[in-house]
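The values are calculated or read from the model by the stated rules, or taken from the named source; none is laboratory data. These figures come from a predicted structure and were not determined experimentally. Heads up, the Cβs are rebuilt from the backbone with ideal geometry, glycines too, and the neighbour counts pull from every protein chain shown. Side chains are part of the model used for accessible areas, which takes the heavy atoms of the whole protein and leaves out ligands, DNA and RNA. Shrake-Rupley method; radii C 1.70, N 1.55, O 1.52, S 1.80 Å.
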Amino acid sequence: GGYVVDGGAKRSSGIEDPEAEYYHTRKNLPKNTKQAVKEMTKRLAAAATTKKLDMGDITLAVLSDKVFEQEDVRIMHLESNQLQVLPKAVGKLKVLTQLRLTGNQLRWLPDEIGDCVALQMLWVSNN
C-alpha cells in the first residue's frame, strides 16, 4: 500500500502500512508548536463556512484528526509545512477537489487518497 512521492510520479512503496511503520519506528514523533496549533484551530473554524481549508505555511509537523472531520471541504491547502505523513483519514474527504501538498517532507501518499473521488488537482512537488 501507499505511493512514494517521486518527482510527481507515483509508484508502489512495497510497504504494507507506511503510516503505521512511520509512527512505530520514530522515537521522537514530530509535534506542532503552540503557535501552529493556535493557527490551525483558527483556520479550521473559518473553513466551516468557506469549504476551503488553508493550512499552508504554518509550520505544521502533524495534522490533527479535526482536519479530516470537516468532510465538506472542497479545497485544502497544506503546502509549505513540515508534514512527513498524510494520514489515511484523507480518504474521508469525498468532495475534495483540490489538495496542495507542495513543499513538505512527504515520502509517500496513502492508498486512501484514492477514496477522494472528487479530487481533480493534486500538487506534491518539492517533497
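A few comments on the model shown:
- The residue that is modelled with the lowest pLDDT, counting only those in the stretch 70-85 that are closer than 17 Å to LEU44 by Cα and not charged (D, E, K, R), is GLN70.
- Taken over the stretch 107-126, the criterion of being buried (at least 20 other Cβ atoms within 10 Å of the Cβ) and in contact with a strand residue (DSSP E or B) (Cβ under 6 Å, 6 or more places away or on another chain) is satisfied by TRP108, LEU109, VAL124.
- Residue in the stretch 70-89 that is acidic (Asp, Glu) and out of contact with any Gly (no Cβ under 9 Å at 6 or more places or on another chain) present: yes
- Subset of the stretch 56-69 (residues that are in contact with a helix residue (DSSP H, G or I) (Cβ under 6 Å, 6 or more places away or on another chain), open to solvent by less than 40 Å² (accessible area, probe 1.4 Å) and either modelled with pLDDT of 95 or more or in a loop (DSSP other than H, G, I, E, B) (or both)): ILE58, LEU60
- Within the stretch 81-101, the set of residues being crowded, with 17+ Cβ neighbours inside 10 Å and assigned to a loop (DSSP other than H, G, I, E, B) comprises ASN81, LEU83, GLN84, VAL85, LEU86, PRO87, LEU93, LEU96, LEU101.
- Residues in the stretch 102-121 that are assigned to a loop (DSSP other than H, G, I, E, B), closer than 19 Å to ASP65 by Cα and in contact (Cβ under 8 Å) with a residue 40 or more places away in the chain: LEU106, PRO110.
- Condition check for ALA48: open to solvent by 20 Å² or more (accessible area, probe 1.4 Å) and in contact with an Asp or Glu (Cβ under 8 Å, 6 or more places away or on another chain): no
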